[in-house]
1. Apply the Karplus parameterisation 6.51 cos²θ - 1.76 cosθ + 1.60, with θ equal to phi minus 60°, to every residue of the stretch B:118-123 and state each ³J(HN,Hα) to the nearest whole Hz, in sequence, with x for glycine and proline.
2. Arrange the following residues from fewest to most other Cβ atoms within 10 Å of their Cβ: A:Phe124, B:Phe67.
3. Per q in 0.14, 0.19 Å⁻¹, report the Debye log10 I(q)/I(0) for the stretch A:1-75, using one uniform scatterer on each alpha carbon and no solvent.
4. Just to check, using Stokes-Einstein with a Kirkwood Rh over alpha carbon pairs, what's the diffusion coefficient of the stretch B:19-59 at 4 °C and 1.567 mPa s in µm²/s?
5. Check cross-link reach from A:Lys114 to the lysines: straight Cα distance under 21 Å, and skip same-chain residues fewer than eight apart.
6. Would you work out the charge dipole size for the protein assembly as shown about its Cα centre, treating the Cβ of every Lys and Arg as +1 and the Cβ of every Asp and Glu as -1, and quote it to the nearest 20 debye?
7. Using the Cβ atoms and a cut-off under 14 Å, what net charge is assigned to the surroundings of A:Thr190, where Lys and Arg are +1 and Asp and Glu are -1?
8. What is the mean number of Cβ atoms from other protein chains located within 10 Å of the Cβ atom of each residue in peptide A:36-45, rounded to a whole number?
Amino acid sequence: MKQKILLLFAHPSQHRSQANLPLFKAAQNIEGVTCVDLYGEYPDYHIDIDREQQRLLAHDIIVFMFPFYWYSTPALLKEWQDLVLEYGFAYGQGGTALAGKHFMCALTAGGSEKAYRADGYNHFTLGELLQPLEQTANICGMKYLPPFAIFGSRTAATDGRLQEHIQQWTRLLSAISEGRFDMEGGCKATSLVNQLDKLILEAV
Amino acid sequence: MTGYFVQAFVYLAAAVIMVPLAKRMGLGSVLGYLVAGVIIGPLTGLVGAETETLQHVAEFGVVMMLFLVGLELQPQMLWQMRSKLVGLGGLQVGGSTVLIAGTAMLFSVDWRMALAIGLIFALSSTAIVLQSHGEKGWSKTEGGRASFSVLLFQDIAVIPMLAFLPFLAMPAADVVADLAHQAASVAADGAGDVAARGAEHAAEHGAGHDEDSGGHHGGSDPLADLPPMIYALSVIGAISIVVVVGQFLSTPLFRFVAASGLREVFTATALALVVGISALMGMVGLSPALGTFLAGVILANSEFRHELESNIEPFKGLLLGLFFITVGAGISFPVLVDNFGFLVGVTLAVIVGKALVLYLLAVVFKVRGSDRWILTLSLAQAGEFGFVLLAFSLQVNVLDAAMVELLAMVVALSMFLTPLLFILLEKVLMPRMEQSSNEQQEEDVIEEQGEVIIAGVGRFGQIVNRLLLANGVSTTVLDHEAQQVEHLRHIRIKSYFGDATRMELLHTAGIEEASMLVVAIDDRERALHLVHEVKRHYPNLKVMARAFDRGDAYQLEHAGADYVVKETYHSALDMGKQALKYLGYHPFQAENLTRAFDEVEEERKEELRASWITTLHEKGVSASYQEQFMKLDDALLLAMQKDRVDRHTSEERGWTPPPIGYAEKLESEQDIGAKTK
């Protein structure tokens, strides 16, 4: 079954983005993916709540796409959560608008994967650091997919890794959009990138 | 002629010296006028017999005051007052009359005389009470409103009283035919006195224009001879004229006059309106004060309301002052000394008695706290109506001359004591009430929100006004273009015609109570002048001004404006931002660049202003504005060039990831740390 994907992209400094923006641009060419540049639409942080809620209702998969910064989302995306995920809409009494949808983070981190371990300098895994978002998804009744993460993003382009990342990313999005992705299996996986081949069903 | 000048000078000089003195001592202007009257009258004898004639003229001040009060009171507000007006007012007049008449009868005064005295003393002084309430800011309190309801009822009650008093005539002097002549001739002395109430009016009219009617009963009303139906019709006709003129004809007339641009003609029109209505009311035997009050209420929604107020206000003020002076001057020392005990006793008895009735009514009508005391003590005196009714009672032989002289003294003395009661209220009772109410933690009823006055409602002022109105802020909008005001009224924006740079107009627009003034008039010189004047008179008022350009902005700030905005600055900045976006800049970057520009502008502001002021001083006033502006432009250009570097760095800081290699460095440090452990 076709899945409609809402890609909420939040990057406050796009003219300096080396990994995140190319990924976003690549996603724009995939059918069934609605790409929203939040900083482009709300440069003054004045978010149109109704419009954003309508967007949520019209999609099956919600993706937050952002550079990981101070172990969290950029400010505008946090503002978006605070305003759009209203009581009575996303959670609480009568707040079932998002129930049954899937939620996923797509992020770029400056540190290497090694850094996001108990013995690394960040001391916590990426999954652990994203727990606030995971729990947000839980409260809203959404099924949480592990993050699509790119580590060492500052050097991805110079190291020649970027093309590979983009390819994995577009493969994933197309598969989800076309209903060729094992969503249930995805939710149980610890990492999407490592198990991409297993989770994507080549023919439906 | 010189004699008049001397007299006029004596009155004016007395007021000029005493009133500011009284105000400075916290006694209020009314007491100042009264004392001034006592000084030039009984104390030094500078003025004498003409006082009484003058008093009738001065009573026109009361008529004007009621017109102004009417202007403040919209018809729907009057309608809301109806139960208080009739209930509170009716019970006050009735209760006081019964109590005073009853007390008089205990002292074996004939019941007819006692009743007349009761009626006369039941009335209070509209002039003193409204003037003092306005001065002390009590007009809008619950106590002030209740007092006003009672005063208005009294005003209406005077008319039936004038009709009723002749029936109380002493049987011994039952020479009704004589009375009418007497009344007519006495009143005719005051010819030209437009303001004298009821009796005089009618009688004057009778004497002046209608010789035949001199013999009608009671001498009170030239139209009383007419069949009741026709009389009633004429009264209804007169009121209809007032309503029709006020509602439909006044606005086109005022617009026509305003278009001429001659201020004095507008003043003449305003005066003609008030005088004309007074004359009309006099003709049908109604109180001129009531007629002008009605006209005021009808005009309360007019766009010319504030202009009317500011034109009538000075006349009202002077005439009322004159009236208070004549009351002071009318006090006769010999009479006072001879009957000191009696007069003081009766005066105090009247005040205590009336206060008692008012206090009971305040309890019944649930007027609480300090408002209860405002009502009780404000209306405890006898009033200027008392003089009129006393004179009339003498004419119709209800009271004898000696009695009238004494009672007139009681009225004057009670009026004299009223300002003292106000001081007692303000200095002793109110602070105590405040304390106890603070203890009770009772929530205050918000009397009226602080108003914002907007001067000039063109393209700029309109937007400010709409934003404020949409948020429930009450605004008073002034514009000097009658056309503009008319347009705004069509879209239901409350606006008033008038030159906002005139201090009197700002005064009537309520600048004393306002919390803010927004200056958005097009004429730069006048705007500057306005800011300067307003800041001088009301240093605590927030003044926000719209500037035409940079130089104008500095001048406005220099003149004391609290906030100045250049009219084109923000829209130009917005346009620049939009241009950047069309050029391909990311919206968020365009937003940040625009903000950076604004910050630089803000940073350099002080510097630029300082250089602007130095230029001003160096070259003196003769330096042309253009030259100054060019210097300013140079300074700005320099600042902008410098800014390029600054802006770049400040924008760099907007949102930066850590430098490349930083993560690796951290990692290696971590490794070293782990190994050394």
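No value in this document is a laboratory result; all are computed from the given coordinates. All of these numbers come straight from a predicted model, not from anything done at the bench. When we count neighbours, we look across all protein chains shown, and the Cβ atoms used for this are built from the backbone with ideal geometry, even at glycine.
1. Result, ordered by residue: x, 4, 5, 7, 5, 6 Hz.
2. A:Phe124, B:Phe67
3. With one equal scatterer per Cα and no solvent, log10 I(q)/I(0) is -0.47, -0.85.
4. Details: Rh = 10.9 Å.
D = 118 µm²/s.
5. Output for A:Lys114: B:Lys665, B:Lys675, B:Lys677.
6. Working: 65 positive and 97 negative charges, 452 e Å.
The dipole of the protein assembly as shown has a size of about 2180 debye.
7. Details: positive: A:Arg117, A:Lys188, A:Lys198; negative: A:Glu113, A:Glu128, A:Glu134.
Here the count lands on 0.
8. On the way: counts 0, 3, 1, 6, 5, 2, 3, 10, 4, 2.
That works out to 4 on average.
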